[in-house]
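One structure is given below, encoded as structure tokens.
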Amino acid sequence: MRIGELRFERGIFLAPMEDVSDRPFRRVCRRLGADMVTTEFVSSEALIRKVARSHGKIRLADDEHPVGIQLYGNREEALVEAARVSERAGPDVIDINFGCPVKKVACKGAGSGLLREPELLLRLTEAVVRAVSLPVTVKTRLGWDDSSIVIVDLAKRLEDVGVAALTLHARTRKQMFKGEAAWEWIGRVKQAVSIPVIGNGDVRTPADVARMFETTGCDAVMIGRAAIGNPWIFPRAKAYLRTGIDPGPPERAEQVAVFMEQLREAVREKEERKAVLEMRKHLSAILRGEPNISEVRAEALQQTSVEGVRDVLARYLAGREPVGVCG
Ligand SMILES: Cc1cc2nc3c(=O)[nH]c(=O)nc-3n(C[C@H](O)[C@H](O)[C@H](O)COP(=O)(O)O)c2cc1C
């Protein structure tokens, strides 16, 4: 499949996730094999008001391409201006978020709120497509609720206004993250349009990646929650697609080393305490699946400094080493 000049063969993408898909994590995922990454969503209004935090979010590293910058908003002038500002940051794609279900976004008529106003959604999209020369992609959901699933018709109209690819999280806004993603809609959308369709929702294992490709015919698969604290899902899924065998995660020491590298980079970019708190999601996911690990996890998650986290993890790893036999 192609998005503008980018070409992918059964691509596996990292999902945009607020407070998760920051630059350090995107770089780790790219290095380990994610074919494309996207920033956390960025408010178009905040970006054009020059809010420092928002400008920080669109700063990209040289080694993370291909990367998309994701914007949200519902005011045409703001979204267009934010797209132009974002284009200058040098991404490969501008992505528009029409899927965010959280109240502060959706109930103010942005994110998935726009699924109730398809005409406005299309007008905003078309305006952004015209305003930038980069490919514009859209990430959205099925509809507002079960009685208003609009995605098949909407996908066709998005294609008509020039969208380069569509990512579908196969849930309604009302579902938030509950229930199961209805993958059959990904297949229906794929049948209805000729632009690439990126399937998303409830892909938890390498086998799920293969199953989503097979059952929906989608062009790429996007992974969100299953990548938190588990960027190895990308190389594992790639190996699985190639060989049918999941090589499993690396040794715990390797996982901790990658985590610490990501944490150190995060601290170079953000205030230490904030970086450590945000990294808890990753840490909590890494420290699972072993007997007696819950105490270590509880202690590690209480830390607010890099040093504190490092010490807990070092003691944990030392305690796991096989005891040498003397004589
Ligand atoms: C913590 C968190 C933050 C998220 N932030 C965003 C976001 O900024 N933009 C977006 O389009 N989706 C966001 N999402 C939704 C994910 O991109 C994805 O669509 C959803 O989690 C379903 O995929 P999964 O089942 O693989 O997690 C977020 C999800 C989570 C769990």
5 angstrom amide H check on ALA165, placed H, neighbours 5+ away: VAL138
Where the chain is the region considered: accessible area per residue in Å², 1.4 Å probe: 45 Å²
Rel. contact order, % - alpha carbon contacts under 8 angstrom, at least six apart, the chain: 14 percent
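Can you pull the percent of the chain's accessible area that's carbon plus sulfur, 1.4 Å probe, other chains left in place?
On the way: 7130 of 14790 Å².
Carbon plus sulfur share of accessible area: 48 percent.
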Between 0 and 90°, nearest 10: helix 206-216 axis offset from the chain longest Cα axis: 20 degrees
Most mobile listed residue (PRO206, PRO291, PRO16) in the chain, GNM with C-alpha springs under 10 Å: PRO291
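How much length is gained if the chain between SER305 and SER284 is pulled fully straight, taking 0.36 nm per residue apart and subtracting their Cα-Cα distance, in nm to one decimal? Don't jump to the answer; show the numbers that get you there.
On the way: separation 21, 0.36 × 21 = 7.56 nm, distance 1.56 nm.
Full-extension gain reported as 6.0 nm.
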Inter-site label distance for GLU251 and ASP62 at 7 Å from Cα along Cβ, in nm: 3.2 nm
Global size of the stretch 97-159 as Cα Rg and Dmax, reported in angstrom: 11.5, 37
Relative intensity, log₁₀ I(q)/I(0), of the stretch 252-320 from a Debye sum that treats every alpha carbon as a point, q = 0.15 Å⁻¹: -0.41
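Suppose R0 equals 35 Å; then what is the FRET efficiency for ARG320 and ARG49 from their Cβ-Cβ distance, rounded to the nearest 0.05?
Numbers: r = 49 Å, r/R0 = 1.40.
For R0 = 35 Å, the calculated efficiency reads 0.10.
Above 36 Å lies some portion of the pair distances; for the chain, what is it as a whole percent of all C-alpha pairs?
Working: 10299 of 53301 pairs.
I get 19 percent for the Cα pairs in the chain exceeding 36 Å.
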Between helix 306-320 and the chain: long-axis angle, C-alpha atoms, 0 to 90°, nearest 10: 60 degrees
Per DSSP, loop trypsin sites (Lys or Arg not before Pro) in the stretch 192-278 with at most 14 further Cβ within 10 Å: ARG204
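Report the full-extension gain for the segment ARG116 to ALA192: residue separation times 0.36 nm, less the Cα-Cα distance, to one decimal in nm. Don't jump to the answer; show the numbers that get you there.
Numbers: separation 76, 0.36 × 76 = 27.36 nm, distance 2.08 nm.
Stretched out fully, the ARG116 to ALA192 stretch lengthens by 25.3 nm.
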Stretch in the chain that is longest and holds no GluC sites (Glu not before Pro) that DSSP places in a loop and that have at most 13 other beta carbons within 10 Å: 10-179
Net length gained if the chain between MET1 and ALA207 were fully extended (0.36 nm per residue, minus Cα distance): 72.0 nm
Spatial separation of Cα centroids for the stretch 34-95 and the stretch 117-157, in angstrom: 18 Å
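Only sites in a loop by DSSP and with at most 15 other Cβ atoms within 10 Å count here; which chymotrypsin sites (Phe, Trp or Tyr not before Pro) in the stretch 136-237 make the cut?
Values: sites: TRP144, PHE177, TRP183, TRP185, PHE213, TRP232; in loops: TRP144, PHE177, TRP183, TRP232.
Taking the stretch 136-237 and a limit of 15 other Cβ atoms within 10 Å, the loop chymotrypsin sites (Phe, Trp or Tyr not before Pro) found are PHE177.
Of all DSSP beta bridges in the stretch 2-243, what percent run antiparallel (nearest 5)? Please report the intermediate quantities before stating the final value.
Details: 3 of 32 bridges.
Here the antiparallel bridges make up roughly 10 percent for the stretch 2-243.
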Kirkwood Rh in Å, taken over the stretch 5-136 so that all alpha-carbon pairs contribute: 14.8 Å
Tilt relative to the chain, helix 233-243 - C-alpha long axis, 0 to 90 degrees, to 10: 80 degrees
Residues listed by number, the stretch 49-64, amide nitrogen under 20 Å from GLU271 label point at 7 Å toward C-beta: 50-59
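The values are calculated or read from the model by the stated rules, or taken from the named source; none is laboratory data. Owing to the predicted nature of the structure, the values given are computational and were not obtained by experimental measurement. Don't worry about glycine lacking a Cβ; one is built from the backbone with ideal geometry, like all the others, and counts go over all protein chains shown. Please note that ligands, DNA and RNA were not included when accessible areas were found on the heavy atoms of the full protein model with its side chains. Shrake-Rupley method; radii C 1.70, N 1.55, O 1.52, S 1.80 Å.
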